[in-house]
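K.L.:
I'd like to ask you about the structure that follows.
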Amino acid sequence: MPDAPTSPISSRARLIFSPEELNYDFGPDHPLQARRLVALMDLLETSGLWQSSDEQARLSSRAATIEELNLIHTSDYIAAVQRLSIAEGAGETETEQRKQLALQYGFGDGDTPALPDMHHVCAHIAGGSLVALSAVMGLPEGGTFATEDERPLHVFHPAGGLHHAWADRASGFCIYNDISVAIAHVLQATEAKVLYIDFDAHHGDGVQRAFYDDPRVMTISLHETGRYLFPGTGDVLEVGSGLGRGYSVNVPLEPFTEDDSYIEVIEALLHPLVTSFAPDVIISQHGCDTHAWDPLTHLKLTLRGIQAQIKLAHQLAHSYCQGRWVALGGGGYDLFRVVPRAWSMLWAEMSEQALPINLPEEWIARWRPEWLAVEEQEVAAQQVMGKISALDFPTIFQDRPEDFPEQPRRLSISRSNRHTMGLVRHMLVPPSVRQAFPSAQRRSPLAGLIDLLHLRGSATPSRSKTLETKKGPLLLRDFCPPSLVERLVADSGLQAFARLPEREHQLLLGIARNPDCALTLAHTPTGAIVGEVTLAPGDVWWEGIENVYEVAIEVSSNWRGLGIAHSLLAFALELDALEDMILFAMGLSWHWDIEGIGLSVYRYRELIARLFASQGFVEYPTTEPNISMEPANVLLARIGSRVDQRVVSQFYSRMMSSPNLARL
Ligand SMILES: [Zn+2]
Ligand SMILES: [Zn+2]
């Protein structure tokens, strides 16, 4: 047994906080105030969740060097920030030059004024995030630890999360992009793949931009739609470019989104996205301007939704990244009622401590007057209207549901969010991963046909057939039940969708358990799965059209070139019942493991088209956004002989209907 830990914090979580990070002041009327972090640290200390004297709970940090900032920011920009950081010189020419410089680099719009000492402060914030990420990745920049058990698994850096800064431009209260600098450092020092999840109410545009064409970084941003909110970007169709296509994920949420809809969306999206990306580390930004009380945005979360977000990030880090997780602050402009409570909740989760029920009285006594001073006018107005109760200072850590009346249009808002979620899944999650993680959406009333097939499968055992190949015999089986999948293992070359054979096996189990899906496998006599065909109801894109099913196929890279795909597909699709269905398959070049095959995307497209053509599939022109975005992508469909003409024409018109994305 190891010695009992000296720290009351049992997990391997640490917090980075340095007073130097507070040393900025955009002015008394600016929404971003460093005081919010003072209130947070005070709450952590007075509630006993964290003590600055506890060495085991702290991680010391430093300023990022110029070279480190240079990983993301241009030298010109860094020089300009340094120059503007120095107190203004005399002479009129000097002032005019400074004005020009400020305008050129994004300091001219009033949102992000140039501040004395800002280079120093922001380099410190960037250094904090860089140290945090390096520490969980085991890099020397993260510090040295006596034993591996002392190395932190989770690091919280509340001053970090400045996600709007660009390579050569300050933007949205952000000067140096601490997140991008930290990620770029890990990319340079390791082979790791990094997942960035941005929960701030504003689109994480700076980080997305920095890694837009990089397949080693997946950025996922959940934010209030940019239709009315800064910075205006973050549309679903921003999916990355070049090799990075498919690795930028945007989930624009409707204004006035509440907890339940939010939780539904994050749960339906994050698991499949993380499964298909298979990251080595997660860095998440927990801007709490998503809260209903935030003055700058229109999202209507309470701490219940924010807590669900925090718990999910924690769970993903343990399920997929051996616990490696860095959490950052970000936006949050209800400085004293929301920020300290939301981020105390985050730290309690990371350090596995129970959140107390009540806020400490001494803390309330210190911070309620600060809040009243900020809210003076608002409070007076509410008093006049006799509504003061709705605007009181909280006394407990959690929110009280009665303080948050139901939003009008709740139903249509959650319906819109569900469509956005469906579109993101459709665009960015490979079919077999999507099928293994069905969204919580109501079950399609059209799933009956698959039931019928399943029923047939259980009345008579699933069909099987032996296939002779040059590498030995294989067994083909359709309607594989979970019990069979459990007895088999995935061949090492079966990894196109989940990157790792064990995870691919988990996916296959998920598909076998899904009553709406049918799974056909090819396996060796010793039980190694070398090929799969899945059949599942078409996703939200095809909603409302009867009996549209998606077919997906994968063959282990160790078993290619033996005609297995052809025989397996023919076997899976030879049932007479399929004549009642429209089957389609999508070849999306960004999911293909082209490097492993040594083929161009066009050659691969041709192979896929030919494979499906052998089973009666025809290539259709379509404006479906996945397909039309990339010339190497292809949509193939086979319309069963008994499908009604009315359904067929619905199907044709849906394929050409994509400009009408909003209708989805
Ligand atoms: Zn924000
Ligand atoms: Zn943990």
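K.L.:
For Ser319 paired with Ala146, estimate the spin-label separation in nm (one decimal), with each label point 7 Å from Cα along the Cα-to-Cβ line.
P.N.:
3.6 nm
K.L.:
Per the helix-only calculation at 222 nm, which mean residue ellipticity applies to the chain, given -39500 (n - 2.57) for every DSSP H run of n ≥ 4 and division by its residues, nearest 500 deg cm²/dmol?
P.N.:
-11500 deg cm²/dmol
K.L.:
Cross-link candidates for Lys470: which aspartates and glutamates have Cα within less than 20 Å, leaving aside residues fewer than 8 places away along the same chain?
P.N.:
Partners within reach: Asp491, Glu532, Glu554.
K.L.:
Continuing with this model, one more query. Hey, what do the phi angles of segment 168-176 turn into as Karplus ³J(HN,Hα) couplings, whole Hz, using 6.51/-1.76/1.60 and θ = phi - 60°, x for Gly and Pro?
P.N.:
Per-residue couplings from phi come out as 9, 7, 7, 7, x, 6, 10, 10, 9 Hz.
K.L.:
How would you rank Arg410, Arg434, going from fewest to most other Cβ atoms within 10 Å of each one's own Cβ?
P.N.:
Arg410, Arg434
K.L.:
While we're on this one: Nearest 5 is fine: what % of DSSP beta bridges in the chain come out antiparallel, could you say?
P.N.:
Bridges in the chain that DSSP calls antiparallel: roughly 50 percent.
K.L.:
Rank by packing, highest mean first: peptides 641-650, 204-213, with packing defined as the count of other Cβ atoms within 10 Å averaged across residues.
P.N.:
Ranking, from highest mean packing down: 204-213, 641-650.
K.L.:
Given H placed on each backbone N at 1.01 Å, which residues far from Ala159 in sequence or on other chains put an amide H within less than 5 Å of it?
P.N.:
It is Gly329, by chain and number.
K.L.:
Given points 7 Å out from each Cα along the Cα-Cβ axis, report the Glu502 to Val601 separation in nanometres with one decimal.
P.N.:
Using points 7 Å along Cα→Cβ, the separation is 3.2 nm.
K.L.:
When only alpha-carbon atoms are used, what values of Rg and Dmax, in angstrom, describe the chain?
P.N.:
27.1, 92
K.L.:
Taking amide hydrogens as modeled 1.01 Å from N in the peptide plane, which residues meet the under 5 Å criterion relative to Leu15, leaving out close sequence neighbours?
P.N.:
Long-range HN contacts for Leu15: Arg58, Leu59, Phe156.
K.L.:
For each of Lys193, Lys300, count neighbouring Cβ atoms within 10 Å of the residue's Cβ, then give the residues from fewest to most.
P.N.:
Lys193, Lys300
K.L.:
Can you put Asp259, Asp25 in order of Cβ neighbours within 10 angstrom, beginning with the fewest?
P.N.:
Fewest-to-most ranking of Asp259, Asp25: Asp25, Asp259.
K.L.:
For segment 539-553, in order, what is each residue's ³J(HN,Hα) by Karplus, 6.51 cos²θ - 1.76 cosθ + 1.60 with θ = phi - 60°, in whole Hz (x at glycine and Pro)?
P.N.:
Result, ordered by residue: 7, 4, 4, 9, 3, x, 9, 5, 6, 9, 10, 9, 10, 10, 9 Hz.
K.L.:
Hey, another quick one. Computed FRET efficiency, Cβ-Cβ of Ser492 and Leu575, R0 45 Å: what is it to the nearest 0.05?
P.N.:
0.90
K.L.:
What ranking, highest mean first, results for peptides 609-615, 501-507 when packing means the other Cβ atoms within 10 Å averaged over each residue?
P.N.:
501-507, 609-615
K.L.:
Sticking with this structure for a sec: Once the Cβ-Cβ distance between Thr466 and Leu411 is put in as r, and R0 is 60 Å, what FRET efficiency do you end up with, to the nearest 0.05?
P.N.:
FRET efficiency, Thr466 to Leu411: 0.65.
Quick note: the coordinates plus some simple rules give every number you see, no bench work behind them. Everything quoted here is computed from the prediction, not taken from an experiment. Neighbour counts are summed over all protein chains in view; Cβ atoms, including those assigned to glycine, are modelled from backbone coordinates with ideal geometry.
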